[in-house]
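Worksheet for the structure shown next.
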Amino acid sequence: MKVFKFGGASVSTAERIKNVGEILKKYSDEQLLVVVSAMGKTTNALEKVVEAFYSGDQQKALQLFQSVKEDHLAIVRELGVADSPLTIHHSLINFFTEVEWLLHDKPVRNFDYYYDQVVCIGEMLSSAIVSDYLNSAGISNQWIDVRDIIRTDDNFRDAKIDWQFTAKRIEESVLPSFQQINIV
């Protein structure tokens with residue numbers, strides 16, 4: 001098995017996401033575990049969302065998040081997968097909703113908690129978009145929500161991984177996926 005990690009710059013535009021597909025095609029006969037960072041400057045943008053939210057400027061937080069949403073949806077349209085029957089688009093809506101629900105509340109926990117809840121969505125969005133594009137381009141893969149695999153403690157922004165639980169989830173969920181598909 002090979003592990004590929006694509007950083008934010010390598011998935012920051014539709015053209016670059018297409019290039020990821022071209023790279024992965026070269027390894028179509030091998031088992032690949034693909035890790036995708038948040039697109040471009042998404043992490044910075046989401047950090048600003050959290051800062052606005054935590055400082056009590058809910059309207060600004062929602063506006064900043066709307067911009068993040070629009071950027072991601074524009075890339076989906078540019079990739080030509082906006083009308084795809086695949087389920088990843090439902091995931092995008094769910095990710096957007098997760099953050100918006102949080103932003104419609106008032107902060108009652110510490111900053112680090114909200115940071116972790118919001119900023120992780122960048123990777124969720126980009127990995128879902130890349131997976132959807134790859135499937136539409138004939139590069140079969142299975143998207144996995146890493147939050148179902150990796151468990152950490154609740155020391156937000158400095159969490160420690162529960163390696164025993166995580167290893168068990170990898171054995172139960174990730175490795176069996178390779179029996180049906182080469183790219184996870």
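I want to confirm something. Restricting to segment 9-26 and keeping residues that are open to solvent by 10 Å² or more (accessible area, probe 1.4 Å) and touching a residue at least 40 places away in the same chain (Cβ under 8 Å), which single residue is nearest to residue 184 (Cα to Cα)?
The residue in question is 25.
Any residue that is open to solvent by 30 Å² or more (accessible area, probe 1.4 Å) and over 24 Å from residue 180 (Cα atoms) - is there at least one of those in segment 133-150?
no
Across segment 110-134, what is the number of residues that are within 27 Å of residue 26 (Cβ to Cβ) and hydrophobic (A, V, I, L, M, F, W, C)?
Matching residues across segment 110-134 total 6.
Does residue 149 satisfy the condition of being closer than 15 Å to residue 174 by Cα and of a type in the set (A, V, I, L, M)?
So residue 149 fits the description; yes.
What are the residues in segment 1-48 that are out of contact with any helix residue (DSSP H, G or I) (no Cβ under 9 Å at 6 or more places or on another chain) and farther than 27 Å from residue 178 by Cα, if any?
44
Just the residues that are closer than 15 Å to residue 115 by Cβ and either surrounded by fewer than 18 Cβ atoms within 10 Å (Cβ to Cβ) or charged (D, E, K, R) (or both), please, taken from segment 27-53.
Once the filter is applied, which keeps residues that are closer than 15 Å to residue 115 by Cβ and either surrounded by fewer than 18 Cβ atoms within 10 Å (Cβ to Cβ) or charged (D, E, K, R) (or both), segment 27-53 yields 43, 44, 47, 48, 51.
Taking the conditions exactly as written (touching a residue at least 24 places away in the same chain (Cβ under 8 Å), of a type outside the set (Val, Ile, Thr), surrounded by 15 or more Cβ atoms within 10 Å (Cβ to Cβ) and more than 22 Å from residue 4 (Cα to Cα)), does residue 92 satisfy them or not?
yes
The values are calculated or read from the model by the stated rules, or taken from the named source; none is laboratory data. Everything numeric in this text was worked out from a predicted model, so none of it was measured. Every residue, glycine among them, receives a Cβ derived from its backbone with ideal geometry; neighbour counts consider all protein chains shown. In case anyone asks, the SASA skips ligands and DNA or RNA and just uses the protein heavy atoms, side chains included. Shrake-Rupley method; radii C 1.70, N 1.55, O 1.52, S 1.80 Å.
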